1. If you go through the range B:302-323 one residue at a time, do you hit one that is in contact (Cβ under 8 Å) with a residue 60 or more places away in the chain, within 12 Å of chain A (Cβ to nearest Cβ) and closer than 24 Å to B:K31 by Cα?
2. In the range A:75-89, which residues are under 19 Å from A:V26 (Cβ atoms) and either surrounded by fewer than 20 Cβ atoms within 10 Å (Cβ to Cβ) or within 14 Å of another protein chain (Cβ to nearest Cβ) (or both)?
3. Just to check your reading of the model, which residue among B:L93, B:L137 is over 30 Å from B:L288 (Cβ atoms), modelled with pLDDT of 95 or more and crowded, with 17+ Cβ neighbours inside 10 Å?
4. So B:H299 ticks every box in (1) buried (at least 22 other Cβ atoms within 10 Å of the Cβ); (2) in the same structural domain as B:I84 (by TED's automatic domain parsing) but one. Which box is left unticked?
5. Considering the range B:340-374 alone, what residues qualify as being under 18 Å from A:I98 (Cβ atoms), of a type outside the set (A, V, I, L, M) and assigned to a strand (DSSP E or B)?
6. For the range B:26-34, does any single residue satisfy the condition of being β-branched (V, I, T) and in a helix (DSSP H, G or I)?
7. Would you mind finding the one in B:F391, B:F334 that is among the aromatic types (F, W, Y), assigned to a helix (DSSP H, G or I) and in the same structural domain as B:G14 (by TED's automatic domain parsing)?
8. Considering only the range A:22-43, state which residues are over 14 Å from the mean Cα position of the chain (by Cα) and either within 21 Å of A:P100 (Cα to Cα) or surrounded by fewer than 17 Cβ atoms within 10 Å (Cβ to Cβ) (or both).
Amino acid sequence: MSPYEDLIIDHWRNPRNKGTLPDPDVDVTEANVPCGDVLRLQLKVRDGVAEDVRFDGRGCAISMASASLLTEMIKGKKLEELREMREEDLLDALGGVIKPRLKCALLPYRTLRKALQALGVRERSGSP
Amino acid sequence: MKDVRADFPILARGVGGRPLVYLDSAATSQKPRVVIEAEARFYREANANVHRGLYALSVGATELYEGARRKVAAFIGAAPEEVIFTRGTTESLNALAYSLGEARVGPGDEILVTVMEHHANLVPWQLLAQRKGARLLAVGITPEGELDLEEFKRKLSSRTRIVAVTHVSNVLGTVNPIPEISRMAHAVGATVVVDAAQSVPHMAVRVEELGCDFLAFSGHKMLGPTGIGVLWGKRELLEELPPFLTGGEMIREVWIDRATWNDPPYKFEAGTPPIAQAVGLGAAVDYLAELGMDEVRRHEEELVALALEGLLARDYVEVYGPVDPDARGGVVAFNLRGIHPHDVATLLDQEGIAIRAGHHCAQPLHRLLGVPASCRVSVYVYNTADEVKLFLEALDRVWESLGG
């Protein structure tokens, strides 16, 4: 497995849902401080559905491609469904990530959890 | 320089089916067979505790340990009793900050450092300043990446008790003018502490020429084992300073309510020391001395010049530090425009090329450079011009896939 599958290169070069929303219902930022990776995630929610989503930030190709891919995965989904999403779902969608770079790949996942928390969505059952 | 690659067993291994191109010796160096064997032989044939036993095996182990001390001392032009074995540069500097701080620093005193210090030569002084109510001041760098000596002169005063400075920056590669710094610092009565982790392994260092009071370096960056380092200090200062760890060989006499100390260097070597590691370091020093440190320096200058030339010729690369190889040690830090250093390191690793990416334990310097992190290549005796060329070609492929 190469750490830079075509999918990652594609999302890095052509990020989806990049930018900001005029009137988001939630707007959170997370960072990997030692690497300097910063990710901002915004959601527009209607009737319990993540109707629109944007991300912005700077960082390595893996973190930014992962953020782009995550926005595709969550757009149009119910918050209940997002609550059930696991780290592995994102890593599998990325085609696997080498161990030293897991932290980069999972920054968007951590940011999403922070957004859900800000929206008052309870942690999924059985999670720590 | 003669080809030494066959002396380093690890260089024969591959990474993912490709030859290993190791360009991270500033983090830790690889080990020649003579060092690996010296340490293994000590355990096979000579192992015993030192300084205590009255039996032949212990006497022999002590002689090997003290022999290593004499070798290291000769390597830096010092007296053996001024060479303290520690766990590494970080421990040397932390211990010194404690002892020197106890003896010499009080409220209102000043400690002068530089923005290019490794955290190990910054944070211990921060803590000391906080403990003693002293002030910590930092000297900046010029646009060329050299220490700003004018600022140094401005910040140096009769309040300065300690000047702590790196000999060679582990990011910029800058070689600092320690003799000049020592002269100026001594003129105001300050004690000069030099972090030599990136200089002693790579160039001829004589403590007398540097003129400093203390010098710290690590064994594992100079072909030796991990777990062994050195704190060198002037004898009269070592006699004055209090110990930082107590118990074991550092003791002379103990009563229930008090104790007295052994002479330097033993006064600063509490507990059982890293004996086999010292013996390994002694073998490393023999190996380097045999190559000749001027020859080592010349070899690295050639490779650094090649790397610098190649990096500066690529418009997608930003290089940090002096552009003149003479003004540098064996490290070159850089970034690819718009690409995170971790991506560069991961992609180079796919080609078997090991480089460092991160803040290299120098966060204040990176903040000053305006980047969260950088890539760093560093060379040593076993690296070749072909490896530097391979690295530069691979960099073009990284840029092709992620840049532009």
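1. Of all residues in the range B:302-323, those in contact (Cβ under 8 Å) with a residue 60 or more places away in the chain come to B:302-304, B:306-307, B:310-311, B:314, B:316-317, B:320-323.
Narrowing further to those that are within 12 Å of chain A (Cβ to nearest Cβ): none.
There is no residue in the range B:302-323 that is in contact (Cβ under 8 Å) with a residue 60 or more places away in the chain, within 12 Å of chain A (Cβ to nearest Cβ) and closer than 24 Å to B:K31 by Cα.
2. Of the range A:75-89, the ones under 19 Å from A:V26 (Cβ atoms) are A:75-85.
Answer for the range A:75-89, where residues must be under 19 Å from A:V26 (Cβ atoms) and either surrounded by fewer than 20 Cβ atoms within 10 Å (Cβ to Cβ) or within 14 Å of another protein chain (Cβ to nearest Cβ) (or both): A:K75, A:G76, A:K77, A:K78, A:L79, A:E80, A:E81, A:R83, A:E84, A:M85.
3. Working: B:L93 fails: over 30 Å from B:L288 (Cβ atoms).
Testing whether each residue is over 30 Å from B:L288 (Cβ atoms), modelled with pLDDT of 95 or more and crowded, with 17+ Cβ neighbours inside 10 Å leaves just B:L137.
4. (2) is the only condition that B:H299 fails.
5. B:R356, B:G358
6. Applying the first criterion (β-branched (V, I, T)) to the range B:26-34 yields B:28, B:34.
Add one more test, that the residue is in a helix (DSSP H, G or I), and what stays is B:34.
Yes, because at least one residue in the range B:26-34 is β-branched (V, I, T) and in a helix (DSSP H, G or I).
7. Values: B:F334 fails: assigned to a helix (DSSP H, G or I).
The match here is B:F391.
8. Looking only at the range A:22-43, we keep the residues that are over 14 Å from the mean Cα position of the chain (by Cα), and these are A:22-25, A:33-36.
Passing the criteria: A:P22, A:D23, A:D25, A:V33, A:P34, A:C35, A:G36.
The values are calculated or read from the model by the stated rules, or taken from the named source; none is laboratory data. The shown structure was predicted, so the numbers you read here are calculated from the model rather than taken from an experiment. Note that we place each Cβ from the backbone using ideal geometry, even for glycine, and neighbour counts take in every protein chain shown.
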